[in-house]
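Structure, as structure tokens:
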Amino acid sequence: MNTTIPSASSALDKAESAEKIRAELELLCDPEFIPDIPDDVDPDYLALLPWRSSCMREYRITSLDTTDFLDRVVLPHGWELVCPFELVYAKTETFPRYFESFWALTHNGWVCHSFPSFDSSREALWEGIKDFLSRVETAEVFADIKYLLSPETGSWIEPDKDDYYSLAHGYYLEKTATLDKGERLEGLKLFEAHEWSLRHNGSEIGRWAKGRDADPEDIFEGARPYIPADLFSACRLSFYLTQPSTREHAAEVYAGQIWEKGEMLAFLRKICAKIHVGDTQIIRAMLLSYAATRVENSEGIHISISGRTGTGKSHAAVVASSCLPKSAVVNAHLSDKSLYYHPIKDRSVLILDDQEMSPDFQELFKTATSDWDHPGEYKTVARNAGLTLALPRRCVFWVCKVDLNGDDQVLDRQLLFWTDESDEQRKSVHAAIMKRAEMPRMKEGEDTNFAIARALWGLVEPKVVSVPFANRVRCDPMMDSRNLKLMFCLVEAHALLHSPVRRSMIGGDLLAEEEDFYAVMEILEPLFANQKGSQHDKLSKSGAKILAWLCEQESGLIPFGDIRVATGLSQSQLSHALYGKNEQGSDGLLAQTAAIGVERLSETRPDADDPELRRSENKKVVRWNRELYQKGGMKRNGFWLAER
């Protein structure tokens with residue numbers, strides 16, 4: 001390129017000429033459009049304005065911006081068109097009053113050429129710069145810029161739909177236009193090329209065109225001049241994740257990097273948190289539940305989530321399952337014997353969403369979870385012949401229900417979580433919904449992150465995991481043995497997901513570390529404390545709320561109405577918590593502790609209309625024995641490690 005770039009004024013010259021610039025602008029700016037003159041007008045652009053003299057038409061500036069500009073068009077090879085001014089020319093005897101944009105052509109930030117234009121169309125801009133470019137640029141650069149602004153055949157049109165891709169480090173790639181050849185085939189438009197725009201933190205920094213059949217590698221190569229070399233690979237990989245032809249390979253590359261750093265669980269939790277607000281320990285436990293299917297000595301981790309309608313039970317399960325291989329997830333209503341007949345793969349996740357477990361299904365659940373590796377056979381008759389069926393091996397259940405689902409033996413086999421129903425959680429969910437509503441629609445949405453997540457599981461090899469500090473684990477003597485097993489299963493699964501940064505024995509067994517134990521305690525401690533679940537007491541959230549309030553009261557008879565006012569529960573919720581689902585007291589608080597009972601008291605009162613008459617009323621009260629409860633009616637202690 002053989003051009004002489006105008007030299008910029010020094011900072012000192014600009015400071016000294018500030019008053020002169022302001023005085024000149026006071027004469028040039030139209031007060032109708034610019035009441036306040038800005039202080040940061042670049043004199044390099046001001047010097048490009050048309051010369052004013054008695055023989056020239058009088059004009060005024062109606063808009064100006066020499067920093068962010070009124071309009072800009074990024075061109076290839078470092079060139080850029082910017083519009084710092086809009087002008088209005090006064091009416092004369094021969095010409096009417098009219099408006100005009102004033103454009104400057106810059107190269108790597110230096111002003112090289114300027115021209116006026118009545119409109120901002122591609123053709124008009126090309127007419128303003130083509131003669132100058134033909135003198136200073138090579139034929140190849142000239143052809144590239146001409147192709148974007150004034151192609152020889154066809155015309156650039158807006159695309160039918162937005163193609164908008166989020167890249168790494170604040171970069172975005174957008175398909176801004178397509179080149180219509182002007183031909184039709186069976187009524188369909190024929191496109192020759194696509195125009196791509198690269199943005200960084202909201203500002204366009206590059207633009208180029210590629211043929212309609214260009215592959216992802218060729219398309220992104222156009223971004224190389226605009227992205228620093230140390231960031232280019234990461235941005236290119238994130239673009240490849242959005243393209244069907246390169247997504248699988250890119251996801252595997254990303255997954256390999258995450259896996260080798262031992263950050264798999266952290267990555268999975270992070271992408272889930274972008275979509276599901278709160279319930280972090282539930283998501284964490286679900287991911288460890290699936291990881292346990294690949295721990296060869298694990299006995300399985302099954303999840304129960306209960307809570308009011310609309311608090312995110314199903315959504316948590318769907319988001320967590322999106323991180324798993326698609327073939328490993330079964331989200332369907334299951335009949336009592338369906339697991340015997342359907343070809344469900346081993347090591348699958350079975351999501352029971354709002355499904356009531358019938359007595360037969362509860363028996364099936366117990367059979368499938370008691371001996372995880374050999375869940376037993378089912379012998380039946382079909383077409384007058386004996387038929388032997390088997391359950392899939394090493395499957396885990398995620399149960400989502402408003403109330404706890406199943407009898408005590410079913411609940412003993414699960415981690416029992418409650419969803420967060422607090423006002424703070426509700427506000428956070430509302431804020432997240434509104435934020436997502438105002439975000440631009442990315443190509444393929446969040447599927448790119450989930451593609452990486454699914455690729456990560458391809459790196460998790462089934463292993464035996466040992467817990468070398470198991471003899472130092474302590475728990476309450478009354479602890480249910482199933483809870484102790486669940487704790488070790490969680491520790492083993494956590495260690496497996498951190499395999500690259502864990503030690504192994506000579507035989508290949510993976511060794512868990514104390515770090516895994518303490519990470520699992522973050523999940524379990526709120527469950528044993530009846531804060532985010534009720535692992536030991538097997539309480540519903542309403543039952544835990546009632547029990548917590550009763551513990552603050554003295555022993556005695558407490559009216560139902562007082563409990564309702566104190567806990568905020570409705571009559572049906574209170575009754576459900578005390579008696580259970582069948583209203584017979586077999587699975588509510590009455591069956592879980594002898595410290596609580598229900599009595600009926602009869603009261604006689606004078607009639608309001610006739611004091612001589614007396615009316616009898618029956619009233620339910622709770623018989624509360626705090627001393628009995630404190631003696632050990634229910635235990636809540638968790639686990640801890642003894643000193644070495």
To test your reading of the geometry: what angle, between 0 and 90 degrees and rounded to tens, separates the Cα axis of helix 247-260 from the longest principal axis of the chain?
60
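To the nearest 20 Debye, how big is the dipole of the chain about its Cα centre, given +1 on the beta carbon of each Lys and Arg and -1 on that of each Asp and Glu? Please report the intermediate quantities before stating the final value.
Details: 76 positive and 100 negative charges, 552 e Å.
Rounded to the nearest 20 debye, it is 2640 debye.
Classify the range 257-335 as rounded, prolate or oblate, taking a ≥ b ≥ c as the square roots of the eigenvalues of its Cα gyration tensor: rounded when a/c is under 1.5, otherwise prolate if a/b is larger than b/c and oblate if not. List each step's numbers first, then the result.
Working: a/c = 1.78, a/b = 1.21, b/c = 1.47.
Oblate.
Could you tell me which of rounded, prolate or oblate describes the range 330-482, using a ≥ b ≥ c as the square roots of the eigenvalues of the alpha-carbon gyration tensor, with rounded for a/c under 1.5 and, failing that, prolate when a/b is larger than b/c and oblate otherwise?
Values: a/c = 1.61, a/b = 1.36, b/c = 1.18.
Here the range 330-482 falls in the prolate category.
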Charges on Cβ only, +1 for Lys and Arg, -1 for Asp and Glu, centred on the Cα centroid of the chain; of THR106, PRO559, TRP196, which one is farthest towards the dipole's positive end?
PRO559
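Considering only Cα-Cα distances, which of the following residue pairs are longer than 28 Å: LYS326/LYS427; LYS313/LYS337; LYS401/LYS463; LYS313/LYS620? Can you show the working numbers first?
Working: LYS326/LYS427 32 Å; LYS313/LYS337 25 Å; LYS401/LYS463 33 Å; LYS313/LYS620 33 Å.
In this structure, LYS326/LYS427; LYS401/LYS463; LYS313/LYS620 exceed 28 Å between Cα atoms.
For HIS374 and SER134, compute 0.36 nm times the residue count separating them, minus their Cα-Cα distance, and round to one decimal in nm. If you can, show how the numbers build up before the last one.
On the way: separation 240, 0.36 × 240 = 86.40 nm, distance 7.89 nm.
The span from HIS374 to SER134 would gain 78.5 nm if fully extended.
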For ASN483, net neighbour charge (Lys/Arg +1, Asp/Glu -1) across residues whose Cβ lies under 10 Å away
-1
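So if R0 is 30 Å, what FRET efficiency would ARG503 and LYS366 give, r being the distance between their Cβ atoms, rounded to the nearest 0.05? If you can, show how the numbers build up before the last one.
Numbers: r = 37 Å, r/R0 = 1.22.
That gives a FRET efficiency of 0.25.
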Report the relative contact order of the range 216-316, percent, no decimals, based on alpha-carbon pairs under 8 angstrom and at least 6 residues apart.
15
So what are the range 312-419's ellipsoid semi-axes, whole angstrom, largest first, if each one is the square root of 5 times an eigenvalue of the alpha-carbon gyration tensor?
25, 16, 12
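Report the FRET efficiency, 1/(1 + (r/R0)^6), for LYS485 and VAL598, where r is their Cβ-Cβ distance and R0 is 51 Å, rounded to 0.05.
Numbers: r = 35 Å, r/R0 = 0.69.
Working from the Cβ atoms, E equals 0.90.
Can you give the local net charge around HIS333? Use residues other than it whose beta-carbon is closer than 13 angstrom to its beta-carbon, Lys and Arg +1, Asp and Glu -1. Could you put the intermediate results ahead of the total?
On the way: positive: LYS401; negative: ASP336, ASP353, ASP354, GLU356.
Charge balance near HIS333 sits at -3.
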Estimated distance in nm for a label pair at HIS342 and THR67, the labels positioned 7 Å out from Cα along Cα-to-Cβ
6.1
Which value, in debye to the nearest 20, gives the size of the charge dipole of the range 271-339 about its Cα centre, when Lys and Arg are +1 and Asp and Glu are -1 at the Cβ?
240
If I take the Cα coordinates of the chain and project them onto the principal axes, what are the three extents in Å, biggest first?
109, 80, 63
In degrees, nearest 10, range 0 to 90: what is the angle between the Cα axis of helix 447-457 and the longest Cα principal axis of the chain?
50
Between the range 462-508 and the range 111-136, how many Å separate their Cα centres?
71
Compute the helix-to-body angle for 264-273: its Cα long axis versus the longest principal axis of the chain, expressed 0 to 90° and rounded to tens.
80
In the range 264-359, if the dipole is taken from +1 on Lys/Arg beta carbons and -1 on Asp/Glu beta carbons about the Cα centre, which of ILE305, ILE282, LEU339 is farthest to the positive end?
ILE282
Give the residue list of GluC sites (Glu not before Pro) in the range 368-461 that are DSSP loop and have at most 12 other beta-carbon atoms within 10 angstrom.
none
What does the charge count around SER289 come to, taking other residues whose C-beta lies under 13 Å from its C-beta (Lys +1, Arg +1, Asp -1, Glu -1)?
+3
Give me the percent of accessible area attributable to carbon and sulfur for the chain, probe 1.4 angstrom.
49
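Under the definition of Cα pairs under 8 Å and six or more residues apart, what whole-number percent is the relative contact order of the range 62-144? List each step's numbers first, then the result.
On the way: 129 pairs, mean separation 16.4, N = 83.
Here the relative contact order equals 20 percent.
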With a cut-off of at most 10 other beta carbons within 10 Å, and DSSP calling the residue loop, which trypsin sites (Lys or Arg not before Pro) in the range 50-115 qualify? Please list them.
ARG97
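Which trypsin sites (Lys or Arg not before Pro) in the range 222-269 sit in a loop by DSSP (not H, G, I, E or B) and have at most 16 other Cβ atoms within 10 Å of their own Cβ? Don't skip to the end; give the middle numbers.
Working: sites: ARG236, ARG247, LYS261, ARG269; in loops: LYS261.
Listed in order of number, the matching sites are LYS261.
Under the definition of Cα pairs under 8 Å and six or more residues apart, what whole-number percent is the relative contact order of the chain? Each step should come with its number before you reach the end.
Working: 1052 pairs, mean separation 59.2, N = 644.
Answer for the chain is 9 percent.
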Magnitude of the charge dipole, the range 305-397, Cβ model with Lys/Arg +1 and Asp/Glu -1, debye to 20:
280
Positive-pole candidate from GLY376, LEU70, LEU524, dipole of the chain, charges at beta carbon
GLY376
Measuring from label point to label point, each 7 Å out along Cα→Cβ, what is the ASP213 to GLN425 span in nm?
5.5
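The values are calculated or read from the model by the stated rules, or taken from the named source; none is laboratory data. From a predicted model like this one, the values you see are computed outputs, not experimental measurements. Here Cβ is always computed from backbone atoms with ideal geometry, including for glycine, and neighbour counts include all displayed protein chains. Side chains are part of the model used for accessible areas, which takes the heavy atoms of the whole protein and leaves out ligands, DNA and RNA. Shrake-Rupley method; radii C 1.70, N 1.55, O 1.52, S 1.80 Å.
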